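Everything below concerns the one structure shown next.
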Amino acid sequence: MGSQFVDLFQAPADRHRGKFLARVFGIFSEDIVRLWAASPGSPYEDLGRPTVCFDGAAKGSTLDFTFRNRASNKIYVAEMKCEIEYQAFRYFVLNARSGPS
């Protein structure tokens, strides 16, 4: 990964700046998922941002995605998190594969 890009996000001294940069990065990440879902080859269709309301709540919470599986028509609601500043950006650049091979 280009060092200029990594330097832009690396452990800023100002915590608020780190949160802001994480949100900017998250917005672009959401767009990538939406583009993927818009592809005819994607197994899911993006139905938009749902608002989930719970009994007794004054207002609902708007989440990031509602996906419909193109094969089964099952619907899934998802919230995407982009916490790149977690542990001083420790996991911003992944150097190893995790999970089953």
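The values are calculated or read from the model by the stated rules, or taken from the named source; none is laboratory data. Since we're looking at a predicted model, the values are computed, not measured. Because the Cβ atoms are built from the backbone with ideal geometry, glycine has one as well, and the counts that use them run over all protein chains shown. Accessible surface is based on the protein model in full, side chains and every heavy atom, while ligands, DNA and RNA are left aside. Shrake-Rupley method; radii C 1.70, N 1.55, O 1.52, S 1.80 Å.
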*Quick check, is residue 46 at pLDDT 75 or above, under 30 Å from residue 17 (Cβ atoms) and in contact with a strand residue (DSSP E or B) (Cβ under 8 Å, 6 or more places away or on another chain)?*
no
*Tally the residues that are part of a loop (DSSP other than H, G, I, E, B) and either free of Cβ contacts under 8 Å to residues at least 12 places away in the same chain or more than 16 Å from the chain's Cα centre (by Cα) (or both), restricting the search to region 43-66.*
9
*Close pairs (7 angstrom Cβ cut-off, 6 or more residues apart or separate chains): closer than 23 Å to residue 46 by Cα in region 79-91, open to solvent by less than 100 Å² (accessible area, probe 1.4 Å) and in a loop (DSSP other than H, G, I, E, B) anywhere*: 79/63; 79/64; 80/64
*All but one of (1) surrounded by 14 or more Cβ atoms within 10 Å (Cβ to Cβ); (2) under 21 Å from residue 4 (Cα atoms); (3) not polar (S, T, N, Q) hold for residue 64, so report the exception by its number.*
(2)
